[in-house]
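The values are calculated or read from the model by the stated rules, or taken from the named source; none is laboratory data. What you are looking at is a predicted structure, and each value in this text was computed from that prediction instead of being measured. Neighbour counts run over all protein chains shown; Cβ positions are idealised from the backbone, glycine included. Calculation scope for accessible area: heavy atoms of the full protein, side chains included, ligands and nucleic acids excluded. Shrake-Rupley method; radii C 1.70, N 1.55, O 1.52, S 1.80 Å.
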Amino acid sequence: MEKLLEHPWVRNFVKKRQIRILEICGGAGFGGVALSKILLEQNLDVDLMITDLRKEVLKKAKKWGERVLKKKIFTKIIDAREIYKLRKKFDIVIMYGLSTPHFNPWEIIKVFSGVSECIEDQGIFIIDEADRRYSIFLTRGYQHLLAEGDENKFVFSFHSGYDILKGTFSRTYFNPIFPEKGVTIELFFWGLAEIGALTFLFFEDVDFIEIGRARYFVLGYKPRRILPPQNLKGPFLFKK
């Protein structure tokens, strides 16, 4: 988060007295709380809202976040694809925790369009991202069977399908302790260039900040608002 303060777009906010931050797909709130803490240390007044679909994890985010920041934070259960329904404007929207694989291309344009509706004219969209096309397909190669984690805590995942219309890979995860309870998840393995290009469709400018180990912040600056999320209904392709 300290690297963000070095960027001129973010430095502009240091001149403001109050900054409103929205975290989408927030989970435990690590990204939003960390960014808020850095800005609070600059003697700014920060309002933070964390959103997610999981009620229990938002309870933990609120309790932990308020203990760290020593101020009230807000939480909201809402789908990131419908974030425009908040009908509020924020200076910064952050998507932290490498969350983009949970959205296929048809879904992520709804997320980005909705975010652009929630951001002030001079606002910034910050996406925590990695290049999976490079790290998975070029460096290691796609694995049909994979042990993920470390020797203390890990799960097995198996390739279980591919959806040609969505471009998603299905992987079924098994905990070795409870192998009968498999969970199947659809994932889209985004590359950095695609996320940057899609961000550029919805924002006037884009930049990358490397934060280590092939991980980046993708920054979208100044929302275009030329493609309202209300107009992005499902295509005929998925209605047949």
Filter result for GLU180 (under 15 Å from the mean Cα position of the chain (by Cα), farther than 21 Å from GLY31 by Cα and either at pLDDT below 95 or in a helix (DSSP H, G or I) (or both)) | no
So, of the residues in the range 190-201 that are closer than 13 Å to GLY167 by Cβ and open to solvent by less than 30 Å² (accessible area, probe 1.4 Å), which turns out to be nearest to the chain's Cα centre (by Cα)?
-> TRP190
Restrict the check to the range 196-209 and report whether at least one residue is in contact (Cβ under 8 Å) with a residue 24 or more places away in the chain, within 19 Å of PHE103 (Cα to Cα), assigned to a strand (DSSP E or B) and among the acidic types (Asp, Glu).
-> no
What are the pairs, 6+ residues apart or on separate chains, where a residue within the range 104-133 that is closer than 13 Å to LEU201 by Cα has its Cβ under 7 Å from a residue that is polar (S, T, N, Q)?
-> ILE108/THR100; PHE112/THR199; PHE125/THR199
Residue identified as within 25 Å of MET1 (Cα to Cα), open to solvent by less than 20 Å² (accessible area, probe 1.4 Å), touching a strand residue (DSSP E or B) at 6+ places or on another chain (Cβ under 6 Å) and among the acidic types (Asp, Glu) among GLU210, GLU204, GLU120, GLU129 | GLU129
Conditions: (1) exposed (fewer than 14 other Cβ atoms within 10 Å of the Cβ); (2) under 20 Å from LEU198 (Cα atoms). GLY149 meets all but one. Number of the miss?
-> (2)
